[in-house]
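Structure first, commentary second.
Just so you know, all these numbers are worked out from the coordinates, no wet-lab data involved. Keep in mind it's a predicted model, so treat the numbers as computed, not measured. Cβ: placed from backbone, ideal geometry, glycine included. Neighbour counts: every protein chain shown.
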Amino acid sequence: MLESTLASLISLGIIIVSATIMTYIFNRLKQPSVLAFILTGIIIGPMVLGLVGNTEEIKLLSEIGIAFLLFSVGVGTDIKEIKQINLSVFLVPVINIVLSFLLFLLFKNVFLVDLVQALYLSFIVSFSSTMLVVKLFMDNLQLNSLHGKLSVGILLAEDLLAVLAIPILKNISSFSLLFLGGVILKTIVFILFAYFLYKVVYPNLIKKSYRSEQSFFLLSIASCFIFILLSIKLDFPIAIGAFFGGLAISIYPYNLEISNKISGIRNLLSMIFFVSLGMQLSFNISSNIYFFVGLLILVFLIKPLIHFFMILFSGYGLKISSQVALNLAQISEFSLILAMQGFNLAQITSAQYNAVIIVTSLSMLLTPYIMKSNKLVSDIFKPFAKHYKSKHFSRKIDALKNIPKNLSDHIVIVGSDVIGEAVVKVLGRDVEIPLMIVDFNPDKILHLISKNINCICGDINSEDIISSLALNKAKLIVTTLPRFDDTIRFVNIVKSKNPNLKIYSRAKTKSQAVKLYQIGVDLVILPSVLESNYLLDKIYNFIRYGSESVSSLKSAYLSYLEKDVKSNKEFLKKRKNKF
């Protein structure tokens with residue numbers, strides 16, 4: 001017993017040290033850490049050095065690791081977003097599953113699969129990774145973009161389907177309507193329990209525990225394990241329970257703090273999960289090379305095409321459709337749970353399981369690069385778009401624009417964040433100053449349309465968006481884009497179209513400001529500098545004149561904030577089912 005425990009500790013130590021070294025190297029090479037973890041598993045696992053075996057302890061930590069990953073996904077998911085999911089969104093994953101299943105059946109003699117295996121594999125290839133895609137959206141500040149909202153909606157629908165699929169497939173041999181009813185009932189129990197905690201228990205409990213850092217941390221972890229224990233009792237995978245535990249405690253703004261508190265444990269356990277994933281790889285695909293190639297084609301070609309045409313026929317246009325398709329071109333963490341379950345129950349073969357692990361790892365590694373290839377993919381489909389010009393394909397996009405026919409002497413405002421909104425509110429009062437707003441957040445654009453302000457939703461680097469701005473007739477450009485590389489690219493485009501057009505921009509650092517001035521921006525502001533100067537001025541006034549100097553400012557500003565918050569809430573209430 002002691003020797004076994006010591007061996008497990010040594011294995012864990014080798015995993016942590018090796019992953020640390022590999023992560024450092026990959027960070028220097030600016031490559032995803034997931035790749036470092038998987039390669040660490042390959043190197044220290046049975047296939048190369050054989051330093052670590054996939055012991056029961058490592059497998060348990062790996063299982064808890066994926067549970068914590070899905071707990072984090074739940075914490076980062078707003079229950080309000082799930083409530084607002086349109087039922088039509090569920091058609092996308094359902095059609096994907098059905099078509100994949102039919103393809104597996106059609107080529108069952110080539111892929112060497114039976115009916116149960118075809119069913120398993122159709123679910124496995126159809127689910128995309130919520131965890132990975134949302135993280136990349138957050139890193140690239142695209143979570144509130146139109147393609148971001150569409151992608152997350154589809155991912156949430158897939159996650160809810162996965163909750164039903166995993167227990168059903170586990171007992172597929174004894175499947176009946178009674179059994180299906182039991183699974184649905186258990187899922188409803190999970191949902192109602194999570195919603196009860198979210199609405200009734202956690203709001204007051206979190207406020208009280210927030211005063212103590214230790215209590216707040218333990219409450220967060222407890223939510224995860226409460227649902228893990230419930231899932232064990234209901235014979236659900238613990239990762240499903242952890243996901244619902246995250247949903248239950250995803251109360252804004254505490255969910256951001258919870259995510260931060262558990263990040264250390266999550267990162268450690270998820271690292272072990274991905275390392276153990278690498279340790280399971282053998283790359284021995286010669287026994288069924290056609291199956292492996294078929295999986296690659298399904299994940300990287302057929303699945304994106306299904307998503308592309310589904311979104312296109314829903315009316316979101318060529319660029320948004322292709323971007324959503326590229327966003328979802330990978331296999332999910334839920335798919336890994338399905339694959340592990342199928343392998344452990346001998347419902348899928350070891351060769352099939354190994355191929356799934358390889359394709360999953362490959363798809364996750366390539367996702368950051370695939371998501372950036374939208375322009376290339378859009379160009380491929382341009383002939384299709386020109387041949388089939390139809391307003392039906394762009395009706396949802398057309399509803400997110402309000403562009404007058406004759407636009408001239410106007411001010412173009414790019415980015416409707418805090419600064420952009422302030423500019424719009426001040427300039428929008430003067431009807432003699434025509435405005436043209438560009439933002440990627442559809443909610444903000446709908447809000448502007450309701451006020452009859454000229455605007456368009458989309459990526460500022462898109463040729464279609466640029467052409468709609470009438471830059472040759474514009475008076476001024478004001479850009480408040482959050483990403484510096486987007487700002488640089490946009491400024492260069494503007495200068496190439498209209499070299500004499502005045503441009504005002506913002507920057508986060510002094511070096512960015514210098515760079516913007518060098519490429520031709522006429523005025524650059526640094527919000528951090530302005531904020532510090534303003535704060536210093538108020539501190540000086542307080543010292544010199546006392547608290548009375550800021551009392552009137554506080555009253556006026558508080559009144560403005562309350563009015564603005566109320567206005568936004570009323571608007572969101574009106575458009576709840578519109579988008």
Taking 103-114, 127-138, 303-314 and ranking on average Cβ neighbours within 10 Å, highest first, one gets 127-138, 303-314, 103-114
With label points set 7 Å from each Cα along the Cα-to-Cβ direction at residue 395 and residue 116, the distance between them in nm comes to 4.5 nm
Most packed first (mean Cβ within 10 Å per residue), the peptides 197-206, 36-45 order as 36-45, 197-206
Extension length gain for residue 375 and residue 217 (0.36 nm per residue less Cα distance), in nm, is 52.5 nm
XL table 372/497; 149/208; 319/510; 396/508; 207/508; 319/495; Cα-Cα > 31 Å flagged, in table order, is 149/208; 319/510; 396/508; 207/508
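What is the calculated FRET efficiency for residue 195 to residue 472, with r their C-beta to C-beta distance and R₀ = 56 Å, to the nearest 0.05?
0.55
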Rounded to whole angstroms and listed largest first, the alpha-carbon spread of the range 400-525 along its three principal axes comes to 39, 27, 26
The extension gain from residue 301 to residue 21, computed as 0.36 nm times the residue separation minus the Cα-Cα distance, is 97.3 nm
Sorted largest first, the Cα spans of the range 116-207 on the principal axes come out in Å as 45, 36, 17
Whole-Å distance linking the alpha carbon centroid of the range 184-201 with that of the range 444-464 is 38 Å
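Could you tally the net charge around residue 241, taking each other residue with its Cβ under 14 Å from the Cβ of residue 241, Lys/Arg +1 and Asp/Glu -1? Walk me through the numbers before you get to the answer.
On the way: positive: 186, 233; negative: 63, 159, 235.
Taking every Cβ under 14 Å from that of residue 241, the sum is -1.
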Exposure-ranked with fewest Cβ neighbours within 10 Å first, 147, 410 stand as 410, 147
So the FRET efficiency between residue 489 and residue 178, C-beta based with R0 = 45 Å and rounded to 0.05, is 0.15
Between the modelled labels at residue 346 and residue 500 (7 Å from Cα along Cα→Cβ) the distance in nm is 8.2 nm
Taking R0 as 45 Å and r as the Cβ-Cβ distance between residue 313 and residue 208, the FRET efficiency 1/(1 + (r/R0)^6), rounded to the nearest 0.05, comes to 0.35
